[in-house]
Amino acid sequence: MGFLNVNDAIGIPVGPSTLVRVQEVEEAVHQIIMVLQSNADVMEKVKLFYVDIVADTQFPESQRDDCKKHVAAFVSDMNEIIYDTKMQAERAKVLSTLIKDRKEIVWLNISRAISTDTNCQFHQLIQHLQTQAALRQEKSAQSMEDLAGKSTREAIAVRIIAVITLVFLPATFIAVRQSIPLGSAKLIPL
């Protein structure tokens with residue numbers, strides 16, 4: 001059963017999964033078209049390669065006539081294969097156009113179902129997703145508030161450490177300086 005419980009003209013359930021499947025088939029057809037066209041190009045180049053070999057002036061005269069007959073038969077066969085391949089590519093292009101049209105029909109059926117059925121599962125899904133998004137935003141706001149409180153407490157602690165350092169560091173320096181007589185200090189070589 002389709003997601004939206006909508007039937008198209010022949011009674012088949014239509015939904016987002018149908019649209020996804022049609023898209024997958026369309027992509028596969030585009031790949032097939034590309035492969036068929038590249039195969040036709042490669043076969044054309046292979047055919048021309050053999051024609052050029054026999055036409056080359058460095059090809060041995062003793063074998064030229066016999067090879068020309070075989071290459072002519074090969075070229076004839078290749079021309080048929082190339083023609084068939086190009087025809088298959090053209091058929092695939094027509095199929096691609098038909099798939100594109102069908103995809104538009106499926107999308108119209110889904111859109112029509114969404115617009116006519118306000119209590120459908122799609123709207124319920126959207127509402128559910130919106131509720132989840134709101135809950136995530138609320139959790140995010142709460143965690144940001146917690147982080148702001150922690151950073152405020154941390155800033156206060158840093159200020160207290162700075163004040164203590166400002167008070168005791170100069171006094172420590174003076175006490176150390178006073179405890180060491182200037183003349184008795186010996187340098188220790190490294």
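The values are calculated or read from the model by the stated rules, or taken from the named source; none is laboratory data. Source: prediction; values computed, not measured. Counting neighbours? That spans all protein chains shown, and the Cβs are built from the backbone with ideal geometry, glycine included.
Numbers at a glance
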{"read-out": "Residue tally, condition of a type in the set (S, T, N, Q) and either buried (at least 17 other Cβ atoms within 10 Å of the Cβ) or not assigned by TED's automatic domain parsing to the domain that holds Cys67 (or both), over the range 38-56", "value": "0"}
{"read-out": "Qualifying residue in the range 57-68 (condition: modelled with pLDDT under 90, surrounded by 11 or more Cβ atoms within 10 Å (Cβ to Cβ) and touching a Cys at 6+ places or on another chain (Cβ under 8 Å))", "value": "yes"}
{"read-out": "Some residue of the range 72-88 being touching a helix residue (DSSP H, G or I) at 6+ places or on another chain (Cβ under 9 Å), surrounded by 13 or more Cβ atoms within 10 Å (Cβ to Cβ), in the same structural domain as Val25 (by TED's automatic domain parsing) and under 30 Å from Thr18 (Cα atoms)", "value": "yes"}
